Amino acid sequence: MVELKFADPSKKIIGLNGRFLVAQRTGVQRSAYQLFRTVIEQGTQFNFILFTGESELFAPEWQRPNVQLVTSPLSQRTVVRNHFWEQVELPRLAKRYKVDLLHSPANLAPLAFKGKSIVNIHDLCFLVQPAWFSFSFRLIYRWLVPQIARNSSLVITNSNYSKNDILSLLKLNVDRIRLTYWSVDPIFHEFNKPYVSRDDRIIFVGSLEPRKNLRGLLKGFSLYKQRNPNSKTRLTVVGCENPLFADAGISGADVSADVDFRGYISDRELAELFGSSKALVYPSFYEGFGFPPLEAMAAGTPVVTSRTSSLPEVVGNAALLVDPYSQEDIAEKIAKALNPEVAFELIEAGTKQVKQFSWKQVGEHMIDIYSEILAQPS
């Protein structure tokens, strides 16, 4: 057992489930990362133990007097091992190091842990549309997540839409669920270029999976190009396939010469790409929150997104809303977003909208929740 030494050992100990830190960072992992950074920065009244992979041992964001790391041999390549660690080894570690509260921010948590615990459940898409996921993924999640939710002291989610799904599908009492909107990494504010100097390009950001509706976007973009033959606009697709999800159903016939695939890129590269593009087009079928529209707004980029699930709740009146099932509507909204007059209106509205989301507020809310749960009888 590694001996941990805190500057003030009298403080309550928050255990942080950092399994997600060894996974490729898509929306869930990126939000969990920002959440942990925020609560550690603001939760100076607590001590934190971050249980994670060895790769995080010297990461500068965890080097604080009230933070200690307990590492295990986890990695992107050891998925089965990571699941075993979370369900079997993590509860033992949390008990051994006497954590007062265990926080799991990325949908899954150890069922065997019997102490006070919090889990973030981002959405229930695997219950709403199981065909969008691989057989193994939906089998595990459909069995595990409902039990985790019932086993946890409190469930945190990130939109009213997801909260209502959790209430109706998992049958939890409303007092066991809390809503906390996410925010965006400050880096997305740093690459806001003037609209007139931007590349003639629209972008899509997301995993290449059915619910993101990339195929619908490709068909809508093709229709836009047919109707505007003199347009030089290109579509850049950022994202990659994931074995957890079903095939996105994209064929060679869906992809034109005006489409570029970039694969997975860093947040800095993505922020630069947002800041040099004329619009984000994000016609996803289902989102528990949906980071790309807010990230685009932070970079001063006009947004076209779906009028489904949580997306209207997140973007407010600052985006053009589209029917994701209509290629016609997607084509029309692309053309509208590329109109400079409309674009400037969207940029102004988006700049105001994104200011409503703050990681500082998220951190303050989470610290209050920690204090509330710790004050409850064991």
Could you tell me whether the stretch 198-207 includes any residue that is closer than 30 Å to Glu364 by Cα, outside any helix (DSSP H, G or I), modelled with pLDDT of 95 or more and in the same structural domain as Val79 (by TED's automatic domain parsing)? no
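Given the criteria assigned by TED's automatic domain parsing to the domain that holds Thr308 and in contact (Cβ under 8 Å) with a residue 40 or more places away in the chain, does Phe133 qualify?
Numbers: assigned by TED's automatic domain parsing to the domain that holds Thr308: no; in contact (Cβ under 8 Å) with a residue 40 or more places away in the chain: yes.
The answer is no for Phe133.
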Among the residues of the stretch 174-184, is any basic (Lys, Arg), crowded, with 17+ Cβ neighbours inside 10 Å, outside the structural domain of Phe289 (by TED's automatic domain parsing) and at pLDDT 90 or above? yes
Restricting to the stretch 208-231, count the residues that are in a loop (DSSP other than H, G, I, E, B) and of a type in the set (A, V, I, L, M, F, W, C). 1
Given the conditions (1) at pLDDT below 95; (2) in the same structural domain as Thr38 (by TED's automatic domain parsing), which single one is not true for Asn160? (1)
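For the stretch 348-364, which residues satisfy the criterion of being in a helix (DSSP H, G or I) and either buried (at least 19 other Cβ atoms within 10 Å of the Cβ) or under 18 Å from the mean Cα position of the chain (by Cα) (or both)?
So in the stretch 348-364, the residues in a helix (DSSP H, G or I) come out as 348-354, 359-364.
Residues satisfying the conditions are Gly350, Gln353, Val354, Trp359, Lys360, Gln361, Val362, Gly363.
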Please verify whether the stretch 190-200 includes one or more residues that are within 30 Å of Glu348 (Cβ to Cβ) and among the β-branched types (Val, Ile, Thr). yes
Quick one: in the stretch 333-356, which of the residues that are touching a residue at least 12 places away in the same chain (Cβ under 8 Å) and among the charged types (D, E, K, R) is farthest from Gly216 (Cα to Cα)? Lys352
Quick count over the stretch 67-115, residues being buried (at least 18 other Cβ atoms within 10 Å of the Cβ), in a loop (DSSP other than H, G, I, E, B) and on the phi < 0 side of the Ramachandran plot, is 9
Which residue, of Asp247, Asp260, is among the charged types (D, E, K, R), under 21 Å from Gln327 (Cβ atoms), at pLDDT below 95 and not in a loop (DSSP other than H, G, I, E, B)? Asp260
When every residue in the stretch 50-80 that is of a type outside the set (Lys, Arg) and farther than 24 Å from Phe6 by Cβ is compared, the one nearest to the chain's Cα centre (by Cα) is Gln76
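In the set Glu54, Glu41, which member is under 21 Å from Val88 (Cα atoms) and among the acidic types (Asp, Glu)? First the steps, then the outcome.
Working: Glu41 fails: under 21 Å from Val88 (Cα atoms).
Testing whether each residue is under 21 Å from Val88 (Cα atoms) and among the acidic types (Asp, Glu) leaves just Glu54.
Inspect the stretch 79-88 for any residue being β-branched (Val, Ile, Thr) and touching a helix residue (DSSP H, G or I) at 6+ places or on another chain (Cβ under 8 Å) and give the result as yes or no. Quick ask: steps written out before the conclusion?
First, pick out the residues of the stretch 79-88 that are β-branched (Val, Ile, Thr): 79-80, 88.
Then drop every residue that is not touching a helix residue (DSSP H, G or I) at 6+ places or on another chain (Cβ under 8 Å), which leaves none.
No, the stretch 79-88 contains no residue that is β-branched (Val, Ile, Thr) and touching a helix residue (DSSP H, G or I) at 6+ places or on another chain (Cβ under 8 Å).
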Which of the numbered conditions does Lys163 fail, given that it passes all the others? Conditions: (1) under 18 Å from the mean Cα position of the chain (by Cα); (2) more than 14 Å from Gly288 (Cβ to Cβ). (2)
Among the residues of the stretch 206-225, write down those that are in contact with a helix residue (DSSP H, G or I) (Cβ under 6 Å, 6 or more places away or on another chain), among the small types (Gly, Ala, Ser) and under 19 Å from Val28 (Cβ atoms). Gly206
Which one of these is of a type in the set (D, E, K, R) and in the same structural domain as Thr157 (by TED's automatic domain parsing): Asp267, Asp329, Asp368, Asp323? Asp368
What are the pairs with Cβ atoms under 7 angstrom where one residue, in the stretch 5-18, is in contact (Cβ under 8 Å) with a residue 24 or more places away in the chain and the other, located anywhere, is in a strand (DSSP E or B) and surrounded by fewer than 21 Cβ atoms within 10 Å (Cβ to Cβ)? Sequence gap at least six, or different chains. Phe6/Gln68
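The values are calculated or read from the model by the stated rules, or taken from the named source; none is laboratory data. Just so we're clear, the structure is a prediction, and the values are computed from it rather than from any experiment. No Cβ is skipped: glycine too gets one built from the backbone with ideal geometry, and neighbour counts run over all protein chains shown.
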